[in-house]
Structures are given as structure tokens and as C-alpha cells.
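Student: Have a look at the structure that comes next, please.
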Amino acid sequence: MKMKKRIGIIPLLLVLLSGCLGGSAKTPFIRQYVLEYPPPQSSGRPAVEAMVRVERFSADRIFLGQAMLYRSGPFLREAYPAERWRVSPGDMAAEFLRRDLREAGLFRAVLSERDAEEARFSLTGGVEEFIEFRGTGHRKAILTVTITLLDLSRKETDGLVVLQKSYRMEEAVTGEGGAGLAAAMSLAMSRLSRQAIADIASALQKIT
């Protein structure tokens with residue numbers, strides 16, 4: 001009886017070992033991309049002697065992750081299988097706009113949501129599109145972001161919102177795969193940032 005039990009154990013061990021060896025497939029290499037473009041040059045003297053906090057941006061649910069998405073047809077949204085954004089679109093848009101505002105010199109200081117200092121102005125935003133569109137014979141990166149600048153020194157609702165505006169940018173994708181999308185999206189974010197900074201400066205001139 002004991003011999004039968006031992007004989008039954010041997011095939012089981014062989015099955016387990018073969019499963020372990022056969023299941024050790026290599027993990028696919030995933031390329032990770034970020035936006036990359038030079039910040040704007042400083043505009044000189046700060047427009048407002050106050051601080052602004054750039055809050056963490058929200059994003060539509062489809063863009064919450066790090067997938068590099070493309071629209072291949074009506075109702076179809078697909079992702080590059082071995083390429084990802086290094087940072088989620090909402091966080092990436094907020095971080096680059098914060099960097100560009102700091103370099104533009106519109107405020108005495110530009111803070112992140114992690115900084116503890118109090119700030120008069122709060123900049124919030126949301127990413128509504130961050131995707132590659134594929135048409136007949138062409139590809140383009142589409143970036144849509146809405147920003148809202150609040151003056152927290154105003155206690156009343158009237159005057160609290162200094163600026164609210166949506167921006168939609170399109171850039172042709174000329175390179176291959178995720179690298180081409182990252183290059184085109186970088187150009188789109190650069191244009192969006194310059195326009196947003198110009199609008200913020202114009203809005204600030206009206207209240208200071």
C-alpha cells in the first residue's frame with residue numbers, strides 16, 4: 001500500500017516540475033515614453049507677487065492608466081501592446097504645465113499639490129483626450145485639456161474663477177509606433193502650454 005502511494009507521487013512531481021519549467025516564459029520588454037520639449041523662456045518680472053498651486057489633474061476614465069491608446073475605427077480604442085506612457089496622461093499634463101508656468105515667471109512661486117505652503121491661486125485641470133487618431137493614410141495625436149484658475153482670496157463665488165478654458169491640439173504623427181505618438185503629443189502639449197500661459201497672463205492683468 002505504501003509502495004502504491006509513492007508511485008503515485010512521482011508522476012505528480014513530474015507534472016509540477018514540467019509546469020514550472022514550461023511556464024517560465026520571458027516577460028515581454030515594455031518601452032515607456034514621456035513627453036519631451038523645452039520649457040518656455042522666462043517673461044521677466046512676475047506678473048503677480050503671489051503663489052499658485054498646480055493641483056493634480058483629473059482625466060477621463062479611458063485615460064486613467066498608462067496605455068498608449070489609438071482610435072483605429074468607429075467605436076474602436078486599442079493600445080500599443082509593448083509600449084506605455086511612463087506617467088499617466090493627467091499627471092504628465094499637470095507636471096509639464098507646472099514646469100512651464102515656473103519657467104515663464106508669471107508668479108512668485110509655482111507649487112505642486114504636495115507642497116504645504118498656502119497659495120492664493122489654484123490651477124486645476126482635466127485631460128479629456130490623449131490619443132492617436134488613425135484615418136485613411138494619416139495619423140495624428142489629439143490632446144484636449146480643460147484648465148480652471150481660481151483666486152482663493154475671494155470669499156464670494158463671484159470672482160473666484162479667474163479663468164476656465166478648454167484647449168484642443170492636433171499634431172501629425174510621422175514616426176513609427178509609440179515613439180511617433182510621443183513626439184507628436186509632445187508638440188501638442190508644447191503648443192497647449194504656450195496658449196494656456198498666455199491666457200493666464202491676460203486674465204491676471206485684469207485682476208491685478
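The values are calculated or read from the model by the stated rules, or taken from the named source; none is laboratory data. Worth saying up front: this structure is predicted, and the values here are computed from it rather than measured. Positions of Cβ are backbone-derived with ideal geometry, glycine not excepted, and every protein chain shown enters the neighbour counts.
Student: Tell me the residue from Arg168, Arg77, Arg154, Arg120 that is in contact with a Ser or Thr (Cβ under 9 Å, 6 or more places away or on another chain), surrounded by fewer than 17 Cβ atoms within 10 Å (Cβ to Cβ) and of a type in the set (D, E, K, R), please. Reasoning before the result, please.
Tutor: Values: Arg77 fails: in contact with a Ser or Thr (Cβ under 9 Å, 6 or more places away or on another chain); Arg154 fails: in contact with a Ser or Thr (Cβ under 9 Å, 6 or more places away or on another chain); Arg120 fails: surrounded by fewer than 17 Cβ atoms within 10 Å (Cβ to Cβ).
After applying the criteria, what remains is Arg168.
Student: From the set of residues in the range 114-157 that are hydroxyl-bearing (Ser, Thr, Tyr) and modelled with pLDDT of 95 or more, which is nearest to Val52 (Cα to Cα)? Before you say what the answer is, go through the steps one by one.
Tutor: Going through the range 114-157, the residues hydroxyl-bearing (Ser, Thr, Tyr) turn out to be 122, 124, 136, 144, 146, 148, 153, 157.
Now narrow it down to the ones that are modelled with pLDDT of 95 or more: 122, 124, 144, 146, 148.
Working: Ser122: 5, Thr124: 10, Thr144: 22, Thr146: 17, Thr148: 12 Å.
Looking at residues that are hydroxyl-bearing (Ser, Thr, Tyr) and modelled with pLDDT of 95 or more, I get Ser122.
Student: Go through the range 76-89 and give me each residue that's in contact with a strand residue (DSSP E or B) (Cβ under 8 Å, 6 or more places away or on another chain) and without any contact (Cβ under 8 Å) to a residue 12 or more places away in the chain.
Tutor: Pass one, the range 76-89, residues in contact with a strand residue (DSSP E or B) (Cβ under 8 Å, 6 or more places away or on another chain): 77-80, 82-86, 88-89.
Passing the criteria: only Glu78.
Student: Hey, Arg108 hits all of (1) surrounded by fewer than 20 Cβ atoms within 10 Å (Cβ to Cβ); (2) part of a strand (DSSP E or B); (3) at pLDDT 95 or above but one; which does it fall short on?
Tutor: (3)
Student: Given the criteria touching a helix residue (DSSP H, G or I) at 6+ places or on another chain (Cβ under 8 Å), surrounded by 17 or more Cβ atoms within 10 Å (Cβ to Cβ) and either within 23 Å of Leu192 (Cα to Cα) or modelled with pLDDT of 90 or more (or both), does Tyr70 qualify? Quick ask: steps written out before the conclusion?
Tutor: On the way: touching a helix residue (DSSP H, G or I) at 6+ places or on another chain (Cβ under 8 Å): yes; surrounded by 17 or more Cβ atoms within 10 Å (Cβ to Cβ): yes; either within 23 Å of Leu192 (Cα to Cα) or modelled with pLDDT of 90 or more (or both): yes.
Answer is yes for this residue.
Okay, residues lined up against (1) among the β-branched types (Val, Ile, Thr); (2) in a strand (DSSP E or B); (3) free of Cβ contacts under 8 Å to residues at least 24 places away in the same chain:
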| position | (1), (2), (3) |
| --- | --- |
| Phe133 | no, yes, no |
| Thr157 | yes, no, yes |
| Glu170 | no, yes, no |
| Ala182 | no, no, no |
| Leu192 | no, no, no |
| Ala198 | no, no, yes |
| Gln205 | no, no, no |
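Student: Just to be sure I understand, how many residues within the range 149-170 are more than 30 Å from Phe130 (Cβ to Cβ) and hydrophobic (A, V, I, L, M, F, W, C)?
Tutor: Going through the range 149-170, the residues more than 30 Å from Phe130 (Cβ to Cβ) turn out to be 153-159.
Restricting the remaining residues to those that are hydrophobic (A, V, I, L, M, F, W, C) gives none.
Selection size over the range 149-170: 0.
Student: Looking only at the range 44-65, count how many residues are more than 16 Å from the chain's Cα centre (by Cα) and either surrounded by 14 or more Cβ atoms within 10 Å (Cβ to Cβ) or at pLDDT 95 or above (or both). Break it down stepwise before answering.
Tutor: Our first condition is that a residue be more than 16 Å from the chain's Cα centre (by Cα); within the range 44-65, this holds for 44-53.
Subsequent filtering for residues that are either surrounded by 14 or more Cβ atoms within 10 Å (Cβ to Cβ) or at pLDDT 95 or above (or both) retains 46-48, 50-53.
Total satisfying the criteria: 7.
Student: While we're here: From the list Met92, Met68, pick out the single residue that is over 19 Å from Gln164 (Cα atoms), among the hydrophobic types (A, V, I, L, M, F, W, C), touching a residue at least 12 places away in the same chain (Cβ under 8 Å) and in a helix (DSSP H, G or I). So that I can check it myself, show each step before the final result.
Tutor: On the way: Met68 fails: in a helix (DSSP H, G or I).
Just one listed residue meets the conditions, Met92.
Student: Looking at (1) in a helix (DSSP H, G or I); (2) of a type in the set (A, V, I, L, M, F, W, C); (3) more than 20 Å from Ala198 (Cβ to Cβ); (4) out of contact with any helix residue (DSSP H, G or I) (no Cβ under 9 Å at 6 or more places or on another chain), which one does Ala119 not meet, given that it meets all the others?
Tutor: For Ala119, the exception is condition (1).
Student: Could you tell me whether the range 100-121 includes any residue that is on the phi > 0 side of the Ramachandran plot and small (Gly, Ala, Ser)? Working first, answer last.
Tutor: Restricting attention to the range 100-121, the residues satisfying the condition of being on the phi > 0 side of the Ramachandran plot are 105.
With small (Gly, Ala, Ser) added as a condition, the list becomes 105.
Within the range 100-121 (the criterion being on the phi > 0 side of the Ramachandran plot and small (Gly, Ala, Ser)), the answer is yes, since at least one residue qualifies.
Student: For the range 142-152, check the following and say yes or no: at least one residue is in a loop (DSSP other than H, G, I, E, B), under 19 Å from Ala183 (Cα atoms) and without any contact (Cβ under 8 Å) to a residue 60 or more places away in the chain.
Tutor: The answer is no; no qualifying residue exists.
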